[in-house]
Amino acid sequence: MGKLKQVVSNCLRRIEKSDVWLFLYHLFFAIVFTLYLQANGGDAIRYWNLTAETGHDPQTWSDHWGTRSYFLQWLNYIPAKVLGLPFWLGNVLYALASFWAVRELLQMVKEVFPRQEKGLLTVLLWLIFLMPNLHFWTSGIGKESLSLVGLVMFLKGIRNLEKQWHWAIFGIFISYMVRPLQGGILLGFLFPLLWLEKSLPIWIKWIGSALIIFAGLAVLRFLLYITHMEALSPADLYGFSEEQMRFLDGFGAGSAVPMSEYSWWMKIWTLYFRPFIGEGSNFWQWMAGLENLFALLMLLVLILGIGKGGLRKIPKFLWIGIFFGLVLSIAYALTLNNLGIIMRMKSFYMPFFYLLGWGVWVNRKCRLDVN
């Protein structure tokens, strides 16, 4: 009993007032997410009702086991079908999980970068963690909330593979079950990170490498299966891209864009900065435009801040988040042609790009203060 009180006491001491406000802010978006889905419909309702994937007529809990939508239905089976919890409470449960990830990422940033006095950099850090797109799409039932959780688990684990390797493995597992491509990317990142970890003995690195290669081949085989590609050849990738674009065209969405006709520069602009200010026709698109303007400003901050050692002290976990987002961006450039879907799919990795610009200026400021 004494140990339990000590654990609770330690947890309470770690909770800051800012954490409480961040939690309430995130919970507010769970309410907004619920109201939005109830008014407009969406995948989240089908995930909760266990109707997103019904191809093999699943009846029992185990029937829903699988990757992607099946995994969400498997997670939702007990709270939704067995316990009969309402849709709004399901969103709250997912919001609690994603809030853990948001707070954990914020704590990791605070631990690595020097403490800043209240000023512009502190305000900018909080702006990054208050971006609406991050909170909206991760505060409800959906793949984005679990993708964020899986990614942050992985980043937490790689900070110290010797002692926290289980976090990295579980993060890969969650990411793979939600979206196999994301799990495969993290698994690929683990290979070099394993060899760069100086504290691990060589025999563990060899065994770990063998397991990663074996798992990687299995993931690759499954990815080829679900994409109906025979190999990772340019012809197969082009064919899959065309098929995916035609599939999304069939929805006739108002925010569709001709990605297949764009140059790569235009694809990049569309992925990171559209819809831009002036392109929106409703409240949600205007909000997306404001956030994409912020993304452009953070890119300028990054460019202006490079130099004087600004990139030297960027932590490993932040670089992994950046590379993870870049790889996914290439995949999205080949498969997405809808601005709304793009905003949703990039919601959980864009903060890493913002943090890179912020971190560069923190490092510059500290270096300038020393000089």
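Residues considered: LEU187, LEU134, LEU224, LEU220. Of these, the only one that is assigned to a helix (DSSP H, G or I) and either in contact (Cβ under 8 Å) with a residue 60 or more places away in the chain or of a type in the set (S, T, N, Q) (or both) is LEU134. Scanning the stretch 100-116 for residues that are in a helix (DSSP H, G or I) and not hydrophobic (A, V, I, L, M, F, W, C) yields ARG103, GLU104, GLN107, LYS110, GLU111. Checking each residue of the stretch 302-318 against the condition of being over 18 Å from VAL109 (Cα atoms), at pLDDT 90 or above and in contact with a Leu (Cβ under 9 Å, 6 or more places away or on another chain) gives no match. Of all residues in the stretch 319-355, those satisfying the criterion of being more than 22 Å from PHE283 (Cα to Cα), among the small types (Gly, Ala, Ser) and at pLDDT below 95 are SER329, ALA331, ALA333.
For every residue, the table says whether it meets (1) open to solvent by 10 Å² or more (accessible area, probe 1.4 Å); (2) over 19 Å from LEU196 (Cβ atoms); (3) hydroxyl-bearing (Ser, Thr, Tyr); (4) in a helix (DSSP H, G or I).
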position: PHE317; (1), (2), (3), (4): no, no, no, yes
position: ILE320; (1), (2), (3), (4): yes, no, no, yes
position: LEU328; (1), (2), (3), (4): no, yes, no, yes
position: ILE342; (1), (2), (3), (4): no, yes, no, yes
position: LEU355; (1), (2), (3), (4): no, yes, no, yes
position: TRP361; (1), (2), (3), (4): yes, yes, no, yes
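Test SER18 against the criterion of being out of contact with any Pro (no Cβ under 9 Å at 6 or more places or on another chain), closer than 26 Å to ASN133 by Cβ and at pLDDT below 95, and give yes or no. In short, yes. Out of curiosity, is LEU297 assigned to a helix (DSSP H, G or I) and either more than 24 Å from PHE33 (Cα to Cα) or at pLDDT below 85 (or both)? Taking the combined requirement at face value, the residue satisfies it. Number of residues in the stretch 83-99 that are open to solvent by 20 Å² or more (accessible area, probe 1.4 Å), outside any loop (DSSP other than H, G, I, E, B) and either touching a His at 6+ places or on another chain (Cβ under 7 Å) or without any contact (Cβ under 8 Å) to a residue 12 or more places away in the chain (or both) equals 3.
The values are calculated or read from the model by the stated rules, or taken from the named source; none is laboratory data. Just so we're clear, the structure is a prediction, and the values are computed from it rather than from any experiment. As a convention, Cβ positions derive from the backbone with ideal geometry for all residues, glycine included, and neighbour counts pool all protein chains shown. Note: areas computed on protein heavy atoms with side chains; ligands, DNA, RNA excluded. Shrake-Rupley method; radii C 1.70, N 1.55, O 1.52, S 1.80 Å.
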